[in-house]
1. Please give the length that would be gained between ILE340 and ARG29 if that part of the chain were fully extended, namely 0.36 nm times their separation in residues minus their C-alpha to C-alpha distance (nm, one decimal).
2. For TYR303, TYR193, what's the largest-to-smallest order of accessible area, 1.4 Å probe?
3. Once the whole set of protein chains is in place, how much accessible area is left on TYR169, using a 1.4 Å probe, in Å² to the nearest 10?
4. Could you please put TYR64, TYR243 in sequence from largest to smallest accessible area, using a 1.4 Å probe?
5. GLU211 to ASP163: extension gain in nm, 0.36 nm per residue of separation minus the Cα-Cα distance?
6. Where does each of LYS173, LYS97 land when they are ordered by accessible area, with a 1.4 Å probe and the largest first?
7. Could you pull out every residue, at least 5 positions away or on a different chain, whose amide H is within less than 5 Å of the one on VAL206? Hs are placed 1.01 Å off N in the peptide plane, and Pro or chain starts have none.
8. Which pairs, out of LYS188/LYS368; LYS97/LYS190; LYS284/LYS361; LYS149/LYS296, put more than 24 Å between their alpha-carbon atoms?
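The values are calculated or read from the model by the stated rules, or taken from the named source; none is laboratory data. In this text the structure is predicted, and so the values were computed from the model without any measurement. When the accessible area is computed, the model is the full protein with side chains, heavy atoms only, and any ligands, DNA or RNA have been set aside. Shrake-Rupley method; radii C 1.70, N 1.55, O 1.52, S 1.80 Å.
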Amino acid sequence: MIKRRLFITLFISIFHICALDRAYYSVNRIISFLKLDTEFNNINSALLIKKLDKTVYISNFTNYVIIGGEKFFLNDFVTSEMGQFFIPVDGAIEILKYFSKDNYLFYLSEGDLVFDDGENVKNAVEKNEFPPDDLFEKKSTYKDDKVKKIRAIIIDPGHGGKDPGSVGYNGLKEKDVVLSTALILQKKIKDKYPDKTIIMTRDRDVFIPLEERANIANRTYEKLGETIFISIHVNSSRSSKSYGFETWHLNADYKRDILNKESISDDKSVANIVNAMMIEEIYKESKELAKNIQDKLEERIGYVSKNRGIKEEKYFVIKKSVMPAVLVEIGFNSNKYEAIRLTNYSYLNKIAAGIFDGLIKFISDYEKTKGFTE
Ligand SMILES: [Zn+2]
């Protein structure tokens, strides 16, 4: 018995890094315990750890790790000290579960992570030495207990302040129509999702540069994790006959340029693999979100306006952002009849409801399928 206790205590001291005030675990310890292979990419400081066909990517200063191709968000950022990665406890547990066989058990004891092949833990629990139940992680159930949630929604009413956007029939300004619509949408989302963070890039008539809108999006993503970006605009055309609504998302050919050029090299580096995976995922998600919004707008305003479909765009508000993002053109203010509709509160309410319905569908599908992985 003395031997067993010594064994467990040893593990606790190996994994717990006392120098950091929050619970971090050494990635190197995990690697050596599970005998994993590694590749390190200097360009973007990304570490690939693998065993057979299982892979995990860890990058410094990020709040997620990519486990088996899926992003797992951490309670805190990955950090490094003396050339070694340290990862928050929740990430360490996920990685251990992912790589270990079914008979490994993990549990937290007074904030410390302990794991072994089952026998030690079983004995300890039987002798009432460790708290069972909720502090006790059962078998390796990586897929089952994983929750993917949208944490934040950013609503971006286009233009504002000195930039009126398009000016249409009877002097109707795009910036005013999109702000009214965005404020209605904000209220709907807040009521439906009190647990999600809703951010407006502007909530009054002020000028916000495109760069700053992108910064708001990226900061939110870095701080909170999974984020959705919805930009609202009004269309205009030289032809006063054009009318209708359309939803844009990023162009497929453009997607390779989303991430920092500096981090992409010509060889098949870890960076490329990680980036390609992330970009592909975002492209698919954006397209799905665009489709949902366009379909639901059709249901709400299709009886009077025209469904112009979903479209792909190269030059986008947040082309540097790593999150699903769409831009909705809610109508043409250059068309007399549409411009009149766009001054009507109940019509704007229908538009907001359409965007809202599409968003709800996206979020519900996303969270049900754990980020479209099932
Ligand atoms: Zn615009």
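1. Values: separation 311, 0.36 × 311 = 111.96 nm, distance 6.60 nm.
Taking 0.36 nm per residue and subtracting the Cα distance, the gain is 105.4 nm.
2. Numbers: TYR303 150, TYR193 25 Å².
Result, largest first: TYR303, TYR193.
3. Taking all protein chains as shown, TYR169 has close to 90 Å².
4. Working: TYR64 30, TYR243 70 Å².
I get TYR243, TYR64, largest accessible area first.
5. Extending this stretch completely gives an extra 15.8 nm.
6. On the way: LYS173 80, LYS97 5 Å².
In descending accessible area the options line up as LYS173, LYS97.
7. GLY161
8. Violating the 24 Å limit, Cα to Cα: LYS97/LYS190.
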